[in-house]
Amino acid sequence: MLSKLKKEVKLKLLSRLLYGVNVSCNICGHSFSTFLPYLGRINAMCPNCGSLERMRLIYYFMQQTDIFKPGMKVLHIAPEKCLSEKFAEVWGSNYIMGDKFEQGYKYPPGTVSLDVTDIQFPDETFDLVICIHVLEHVQDDTKALLELYRVIKKSGAGIIHVPFERGRTETYEDPSITDPAERKKHFLQTDHVRIYGEDYKQRFLKPGFKIEHGDFVKKLDSKTAERYVFKGYDFFLLRKPA
Ligand SMILES: [Zn+2]
């Protein structure tokens, strides 16, 4: 609790020190001379709300499209705090947050226990499922994708996002590697179970999803991308056919 408080105070102080006009966070609306570094990336994290590049890009996409329809039933897996606060404002009690609780992690209040490979909700419950940077931690991502597909309504959508390595044609995974130090060596993080290659989209399509807005990042004007610091992240929407 104390460390959380310290982190929040530190962020508020940094937020004041970095006040400026060079970059803006489209989630919290604050502007800064620069964002904070994060995991070796410079100019990445909003000092006010903690948003990262992919979160700002996804939120920008949602603002620019018709995805923010009131009354939608939404499941957000491993919810990012900065996004969850915005989503709760729009969707209220129709917005459900779920995560697999693990020691050492913090979860927004109201988050329910959820295993992405065995989701407790009936078929076709949600209009939208959001699952950002989760599947690289999940051993059976095929099952997880089938589960995500199952709980999405017909014509509903998924915002499913994973880190992937550009130029790597095939996803690299080896379930025999379970030691955290070995996982870091092979998959770059102690709790990652694979490195997705450029073939990750084919995995996403297997349950039956169709890709929409695959050209969204390409269509962005450079000024917008630089202002909100999206850093060329890939993005597309997955649609379950009617
Ligand atoms: Zn922010």
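A short reminder: the numbers here are calculations on the coordinates, not readings from a lab. Because the structure is predicted, anything quoted here is derived from the model rather than measured. Glycine gets a Cβ as well: all are built from the backbone with ideal geometry, and neighbour counts include every protein chain shown.
What the table below lists for this structure:
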| read-out | value |
| --- | --- |
| Whole-Å distance, taken between Cα centres, linking segment 41-71 and segment 118-148 | 21 |
| Radius 15 Å from Cβ of VAL23, net charge of other residues (Lys, Arg +1; Asp, Glu -1) | +3 |
| Residue-averaged [θ]222 nm for the chain, counting only DSSP H segments that reach four residues, each worth -39500 (n - 2.57) | -9000 deg cm²/dmol |
| Kirkwood Rh and Cα Rg combined as Rg over Rh, evaluated for the chain | 0.95 |
| Loop-located chymotrypsin sites (Phe, Trp or Tyr not before Pro) in segment 1-102 whose Cβ has at most 13 other Cβ within 10 Å (DSSP) | PHE101 |
| Per-residue HN-Hα couplings for segment 61-71 [Karplus 6.51, -1.76, 1.60; θ = phi - 60°; Hz; x = Gly/Pro] | 4, 5, 5, 7, 10, 9, 6, 8, 7, x, x |
| Built amide H within the under 5 Å cut-off of HIS161, gap 5+ | CYS131, ILE132, HIS133, VAL134 |
